[in-house]
Amino acid sequence: MNADLFLAVVVALVGVVLARAVVAEADAHRLRGSDLWWNPPCPTCGDDLNVFLSKCRGNRHRQRAMNVLVLIALPVLLVLLAFGAPTGWVVPAYVAFGFMAGVLTVTDIDTQLIPNRILVPGTLACGLSLVIGGLFASMPGAVVRALLAGITYFVVMFVLALVAKGALGYGDVKLAFPLGMFVGFVSWSHLGVAVVGAFLLGGLVSVLLLITRRVRRTDAIAFGPFMVAGAVASIVFGSAFLDWYRG
Ligand SMILES: [Zn+2]
């Protein structure tokens, strides 16, 4: 088997397994405010879910559409990130980062909170594996840039949160650090694409939701998912975009 295809298949299978953990953790947060990293129970009867996470086994209670979306989207996300990783040494770090980003995106959409007890250990584990992988790949410059980019994105969001008074949560500020690291490991230009992309996407979706009256002007909209989308899009498509932009 071709090495790229092999990598894609392995990472996609990892994604299918981890999707179960994302749903378990998201449901635990949404419904009980506690942590649960494996085997999500049916919120109605507590029974195990089927392999597609769409119904429970015992009573066939239909689960929310988010479960199947996670099961499809997470493997795709992890494969894209594995191929977006600048060197093979950091593929595990980028896959772990995709998993953390997936969990935080779903919990942020559900509860508009980015829990520290996921963000802090997740950032430590992902960040450490990025640093170690980067050093093994003899890319100390990229490792330093990743740390500086994480701090830069964090400071940008911190200043915006101070200015915007309540419109941006401090969860989004903290999330900026790991996002900045993984985008910054690629390049500074990619960080620019990620930040601008997050605000363009967030603004566009907010306007659409206002126009379609899905939200009122005073409602808070979770911004974390747009930051994650901007960062992932930049890691995966940023080089192609920058080539096009620079002519
Ligand atoms: Zn059930």
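Of all residues being within 22 Å of the chain's Cα centre (by Cα) and without any contact (Cβ under 8 Å) to a residue 24 or more places away in the chain in region 55-70, which is nearest to the ligand (Cβ to nearest atom)? Just the residue, please.
Applying the first criterion (within 22 Å of the chain's Cα centre (by Cα)) to region 55-70 yields 64-70.
Within this subset, residues satisfying the condition of being without any contact (Cβ under 8 Å) to a residue 24 or more places away in the chain are 64-65, 68-69.
Details: R64: 12, A65: 16, V68: 16, L69: 19 Å.
Selected residue: R64.
Based on this model, can you work out whether S189 counts as in the same structural domain as W244 (by TED's automatic domain parsing), free of Cβ contacts under 8 Å to residues at least 24 places away in the same chain and under 30 Å from W244 (Cα atoms)? Spelling it out, it is not the case that S189 is in the same structural domain as W244 (by TED's automatic domain parsing), free of Cβ contacts under 8 Å to residues at least 24 places away in the same chain and under 30 Å from W244 (Cα atoms). Candidates A73, A21, A82, A26: the one that is more than 24 Å from I132 (Cβ to Cβ), away from the ligand (no atom under 16 Å from the Cβ), part of a helix (DSSP H, G or I) and touching a residue at least 60 places away in the same chain (Cβ under 8 Å) is A26. Cβ-Cβ contacts under 8 Å between residues 6 or more apart (or on different chains), taken from a first residue in region 223-235 that is touching a residue at least 24 places away in the same chain (Cβ under 8 Å) to a second residue that is buried (at least 24 other Cβ atoms within 10 Å of the Cβ) and polar (S, T, N, Q), are listed as G224/T105; P225/T105; V228/T105. Criterion applied to A149, A220 was being modelled with pLDDT of 95 or more and closer than 23 Å to I118 by Cβ, and the one residue passing it is A149.
The values are calculated or read from the model by the stated rules, or taken from the named source; none is laboratory data. Being a predicted model, the structure only gives us computed values, none of them experimental. Here Cβ is always computed from backbone atoms with ideal geometry, including for glycine, and neighbour counts include all displayed protein chains.
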